[in-house]
Amino acid sequence: MSAHSLASISPPPSLFGLSRAALAARLADRGMPAYRADQIFGWVYQKHHRSADRMLNLPAPLRDGFHEVCSLALPEVVSLRSTSDQSTHKFALGLADHARVECVSMRAERRLTFCLSSQVGCALGCTFCATGLMGLTRNLSAGEIVAQVLVMGDFHAWRDARFNLVFMGMGEPLANFGPLVDAIHVLRDAKGLGLGARRITVSTSGVVPHIGRLADQGLPLGLAISLHATTDELRNRLVPINRRWPLAELLDAARAYGRHTGRRVTLEYTLLAGVNDGPEDAARLAAIARRLPSKINLIPYNPVPGMAWKRPTQEAIEAFAERLYPIAPAVTVRKTLGGEIWAACGQLGAASDASEA
Ligand code: SAH
Ligand code: SF4
């Protein structure tokens, strides 16, 4: 079969999922030198051009035949909601197969953070999370993960020299390991966006074997563990994957990750009124945090339509934090951004859209 007929039956891959080496290999198949891949990365990730016509240092035949090498198509923004103070924007993206995924940009204290999704839905069914209610539709490809950064960067006109990425949108990133790591490699490429690994945080509910695999990448990526409970009994109820990998194994993996990467692991703790916000919870949480290089991030629960969990009162949140301050390493309370547009932690997914329709 000729190369031409092959191209006509399988659509070209998205550029955004290709490493520079993979792009160079596709170009080599067409007799083109590797430095053309460097030039394309420069146009796309550094000059932010979204059309091959404008890549002026490429030879005309490559510009004209670009669509056979790879696709520059970005998902369509099917809905964009912004908070009244313009600090937070929620993007619903329509993917090629009409699946939808959401991502969020947030500006706090002049720092821009992009919250990325890794899957359409999630299979892990944490009992307080809107995405968990949806079940899993499918994994995102590396290109669909990178595309979220480009859509949000284009929206902000790339005015920020530095920004952070957190995999805290829809889905469990470590359950989509290969595409996650491929996307991180594309995002880090020095001839592309050149994002530092320290600016990227992966949040996991506890896919323990893949925490070790992430450490093996040899990158100082931030790791956040969705702890939310200090006993197996409660965590089994809130985060069902705990039945497979209980707290002791999760915390061992987190400790090893910290040792391997030299980074403190973030312990995320969503505060649910009357469930995990008592003085004994605070004491156990501090004890856990002291046993590994870590920081604690308290997340006041963000309501999800149809769920009975409640956010503690502001006094109860403060009282819990006050208990921790003297006995635990760094403690922060996450500022809730985007609640008014259903864009806060754990609010992404079908339930929030349905409530807005
Ligand atoms: N799947 C990954 C990342 C997604 S969510 C994970 O579970 O870690 C990012 C954080 O928000 C997680 O700690 C998650 O448990 C938490 N979260 C989920 N639903 C929430 C809600 N309704 N309110 C507050 N935090 C929530
Ligand atoms: Fe999935 Fe994370 Fe939501 Fe749990 S909290 S259901 S792992 S997205």
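Things to note:
- Verdict on Ala254 being within 18 Å of the chain's Cα centre (by Cα) and closer than 23 Å to Gly169 by Cβ: no
- Residues of segment 128-151 satisfying the condition of being assigned to a helix (DSSP H, G or I), within 16 Å of ligand 1 (Cβ to nearest atom) and out of contact with any Leu (no Cβ under 7 Å at 6 or more places or on another chain): Leu133, Met134
- Arg284 passes every criterion in (1) open to solvent by 40 Å² or more (accessible area, probe 1.4 Å); (2) under 24 Å from Ile317 (Cβ atoms); (3) without any contact (Cβ under 8 Å) to a residue 12 or more places away in the chain apart from (3).
- Within segment 219-237, residues that are of a type in the set (D, E, K, R) sit with their Cβ atoms under 7 Å from residues that are within 14 Å of ligand 2 (Cβ to nearest atom) and in a helix (DSSP H, G or I), at 6+ positions apart or across chains, in these pairs: Asp232/Asn242; Arg235/Asn242.
- Set Leu227, Leu250, Leu223: member being under 21 Å from Ile327 (Cα atoms), within 12 Å of ligand 1 (Cβ to nearest atom) and either crowded, with 17+ Cβ neighbours inside 10 Å or at pLDDT 95 or above (or both): Leu227
- Scanning segment 147-179 for residues that are small (Gly, Ala, Ser) and more than 12 Å from ligand 2 (Cβ to nearest atom) turns up Ala147, Gly153, Ala157, Ala161, Gly178.
- Applying the condition of being in contact with a Ser or Thr (Cβ under 8 Å, 6 or more places away or on another chain) and open to solvent by 10 Å² or more (accessible area, probe 1.4 Å) to segment 60-106 and asking which residue is farthest from Ala34 (Cα to Cα) yields Ser82.
- Every residue from segment 249-281 that is polar (S, T, N, Q) and either in a strand (DSSP E or B) or over 18 Å from Cys129 (Cβ atoms) (or both): Thr261, Thr266, Thr270
- Within segment 304-333, restricting attention to residues that are out of contact with any strand residue (DSSP E or B) (no Cβ under 9 Å at 6 or more places or on another chain) and free of Cβ contacts under 8 Å to residues at least 24 places away in the same chain, the residue that is surrounded by the most Cβ atoms within 10 Å (Cβ to Cβ) is Ala319.
- Residue, nearest to Pro279 (Cα to Cα), within segment 230-245, restricted to residues that are away from ligand 2 (no atom under 16 Å from the Cβ) and in contact with a helix residue (DSSP H, G or I) (Cβ under 8 Å, 6 or more places away or on another chain): Thr230
- Considering segment 130-146, and only residues there that are within 12 Å of ligand 2 (Cβ to nearest atom) and either in contact with a strand residue (DSSP E or B) (Cβ under 9 Å, 6 or more places away or on another chain) or open to solvent by 30 Å² or more (accessible area, probe 1.4 Å) (or both), the residue that is nearest to Asp182 (Cα to Cα) turns out to be Leu136.
- Scanning segment 48-59 for residues that are within 20 Å of Val151 (Cα to Cα), in contact (Cβ under 8 Å) with a residue 12 or more places away in the chain and open to solvent by 60 Å² or more (accessible area, probe 1.4 Å) returns a single hit, Arg50.
- Summed over segment 195-220, residues that are in contact with a Phe, Trp or Tyr (Cβ under 9 Å, 6 or more places away or on another chain) and open to solvent by less than 40 Å² (accessible area, probe 1.4 Å) total 13.
- Figure legend. Inter-residue proximity from segment 32-47: first residues more than 17 Å from Ser71 (Cβ to Cβ), second residues open to solvent by 40 Å² or more (accessible area, probe 1.4 Å), beta-carbon distance below 6 Å, spacing 6+ or different chains. Indicated pairs: Asp38/Lys191; Gln39/Asn57.
- Matching entry among Asp160, Asp154 (being open to solvent by 40 Å² or more (accessible area, probe 1.4 Å) and either in a helix (DSSP H, G or I) or not aromatic (Phe, Trp, Tyr) (or both)): Asp154
The values are calculated or read from the model by the stated rules, or taken from the named source; none is laboratory data. Only a predicted model underlies this, so the values are computations on that prediction, with no experimental measurement involved. Virtual Cβ from ideal backbone geometry, glycine too; neighbours counted across all protein chains shown. The accessibility values were calculated without ligands, DNA or RNA, using every heavy atom of the protein model including side chains. Shrake-Rupley method; radii C 1.70, N 1.55, O 1.52, S 1.80 Å.
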